[in-house]
Amino acid sequence: MIRIGHAWDTHRLVLGKKLILGGVLIPSKMGLSGHSDADVVLHAVAESLLGSLALGDLGTYFPDDRKETEGMDSKIILTKCYEKVWNQGYHINNIDLTIYAEKIKIAPYRDAIRFSLSQILKVSLEQISVKATTWEGMGFVGREEAIACESVCLIEK
């Protein structure tokens, strides 16, 4: 049995926050704002895993109105979501990500992001694809108001 999950996440860019993408700290004057650490990459992967088994969304398990989830490390979020998949007898076949960012260059951090994901999910680097693109100056990503990430995962029993 194979299942596919898809998710999209976006967070607003703000001055003075840390920029964490895929569990990797990226030097930047701007960072992402959110209830947790706002790692759009880990959030998109976590939600695509939940979606692959129709388990709901991140807000179901990590609501943004609870004190205990405030500032939460997204590595914990992703680990807990993958445990739900693993406990149902599934493993990850592959994950394909696209990060949408206008000025922040992802290429220098691509391998570090892949490595971080492989460590959190205990899969090989060959199972994780990380791509990036701009929005050519259009929309909220193009105006550098936010960063977004889209994740597709294939899991197998």
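Please report the net charge: other residues with Cβ closer than 11 Å to the Cβ of LEU19, K and R +1, D and E -1. Please report the intermediate quantities before stating the final value.
On the way: positive: LYS17, LYS18, LYS29; negative: ASP37, ASP39.
Overall, the nearby charge balance is +1.
Each label point was placed 7 Å from the Cα along the Cα-to-Cβ direction; for ILE2 and LEU53 their separation is 1.9 nm. Taking amide H as placed 1.01 Å from N in the peptide plane, the amide H of SER28 sits under 5 Å from that of LEU19, each at least 5 places away or on another chain. Spin-label model, GLU145/HIS35: points 7 Å from Cα along the beta carbon direction are separated by 2.2 nm. Rounded to the nearest 0.05, the FRET efficiency derived from the C-beta distance between LYS18 and GLU156 at R0 = 30 Å is 0.30. Given +1 at the Cβ of Lys and Arg, -1 at the Cβ of Asp and Glu and no other charges, the dipole of the range 2-156 around its Cα centre is 340 debye to the nearest 20.
Here the Karplus curve 6.51 cos²θ - 1.76 cosθ + 1.60, taken at θ = phi - 60°, turns the phi angles of the range 53-67 into couplings of 10, 6, 9, x, 10, 4, x, 5, 9, 10, x, 7, 10, 10, 4 Hz, with x standing for Gly and Pro.
Approximating the spin labels as points 7 Å out from Cα along Cα→Cβ, the ILE76-to-GLU136 distance works out to 4.2 nm.
Between SER124 and LYS103, what FRET efficiency follows from the Cβ-Cβ distance if R0 is 22 Å, with the result rounded to 0.05?
The computed FRET efficiency comes out at 0.10.
Couplings 3J(HN,Hα) of the range 127-144, computed from phi: 8, 10, 10, 10, 10, 8, 8, 9, 10, 6, x, 9, x, 5, 5, x, 8, 6 Hz, in residue order, whole Hz [Karplus 6.51 cos²θ - 1.76 cosθ + 1.60, θ = phi - 60°; x for Gly and Pro].
For the cross-link pairs LYS29/LYS105; LYS18/LYS75; LYS80/LYS105; LYS84/LYS157; LYS29/LYS80; LYS80/LYS122, the ones whose C-alpha atoms lie over 22 Å apart are LYS80/LYS105; LYS29/LYS80. Amide H to amide H distances under 5 Å link ALA132 with ILE99, where only residues 5 or more positions off or on other chains count and H is placed in the peptide plane. Each residue of the range 17-24 is assigned a 3J(HN,Hα), and the resulting list reads 9, 6, 9, 10, 10, x, x, 10 Hz, derived from the Karplus form 6.51 cos²θ - 1.76 cosθ + 1.60 (θ = phi - 60°), x at Gly and Pro. The structure-derived value of mean projected area of the Cα convex hull in nm² appears in the list (1) 15.8; (2) 8.6; (3) 12.8 under the label (2).
Quick note: the coordinates plus some simple rules give every number you see, no bench work behind them. All values derive from a computational prediction rather than experimental measurement. We place every Cβ from the backbone using ideal geometry, glycine too, and count neighbours over all the protein chains shown.
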